[in-house]
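Encoded as structure tokens, the structure appears first; notes follow it.
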Amino acid sequence: MNAQIAERLLNAGFRPDQKGDYIRDKIVFRYDQSWPFLERDHSRPSEQEDDLLGRQFRRPGFWKPVWEYGRLYNRFDLPQTFIDLCLGCDSYVEGASNFESIVAWAIETANGTVRQSWKVPQEQAIGMTDETFIVQHGRFLQRGCYVRTDNALVLRVCIIDNMPSGVDERRMAWLRYTLLDAQARLRYVRFCVDSESCQVTAEVDFTGAPLNLLPVLLKSGLVALRLSFKWLVASLDLIANAEFNFSVFDVCSI
């Protein structure tokens, strides 16, 4: 590991273990294929996949359950600029570097809480020029929104909003598998299947984030939501459409 990254991790309270991983409060720093992230164990629950998809929904921060390579764990995707902050940037906020501020945010939200003093700044201060945004892929078009309260800030978009009620179990299994795969592949974004409202929703939650980094984080989150929409909407629409009957649902059961 780069010496500067290691030094930053030590300053942020992480300590190396016998395997060379850096750990703090059972949270492990990983750096995989140029993407840094934090990871914590998650014993495999008895709930179904739709519960996994909604487990962290509407909770602060980037934490989400990820099912990958036969293993279930919780992941907090760190911004791409994270390594740049390690290697050159020394901008300080309330006595801590940007690096340490982001780590502190992840540690704080690991249990679903943020400090009471955190408040959402004014729209102009974080570059929010509108309360809604448009995502489009071909014939598919949706209007996303900034969910902003005094103590919460979330980007959210409905990918599928007219899923037929009573979708059969085979299709729902494919839909959940597709979303779980996307949740592992795509950064920041987490998904929820709401069977009552017949919707599939994606969100990126910035609640508790370092205030000076919010403009950059919001831009990254919006890019991630647009990518997730383009990645998923056509496939999910096809899977949920009961008018199309494919033998693949029978041959390749999930």
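The values are calculated or read from the model by the stated rules, or taken from the named source; none is laboratory data. Quick caveat: nothing in here was measured; it's all calculated off a predicted structure. FYI the Cβ positions are ideal-geometry reconstructions off the backbone, even for glycines, and counts take in every protein chain you see.
Tabulated data
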read-out: Among (1) in contact (Cβ under 8 Å) with a residue 12 or more places away in the chain; (2) out of contact with any strand residue (DSSP E or B) (no Cβ under 8 Å at 6 or more places or on another chain), the one test that VAL154 misses; value: (2)
read-out: Neighbours by Cβ (under 9 Å, 6+ apart or cross-chain): first from the stretch 205-227, closer than 18 Å to CYS145 by Cβ; second of a type in the set (Lys, Arg) and not in a loop (DSSP other than H, G, I, E, B); value: ASP205/ARG156; ASP205/ARG190; LEU225/ARG156
read-out: Cβ pairs under 8 Å, 6+ apart, first in the stretch 55-73 and more than 15 Å from ALA202 (Cβ to Cβ) and free of Cβ contacts under 8 Å to residues at least 24 places away in the same chain, second hydrophobic (A, V, I, L, M, F, W, C) and surrounded by 17 or more Cβ atoms within 10 Å (Cβ to Cβ); value: none
read-out: Counted residues, the stretch 166-186 - those being under 21 Å from the mean Cα position of the chain (by Cα) and surrounded by fewer than 17 Cβ atoms within 10 Å (Cβ to Cβ); value: 4
read-out: Test: residue in the stretch 23-32 that is aromatic (Phe, Trp, Tyr), at pLDDT 80 or above and over 20 Å from the mean Cα position of the chain (by Cα); value: no
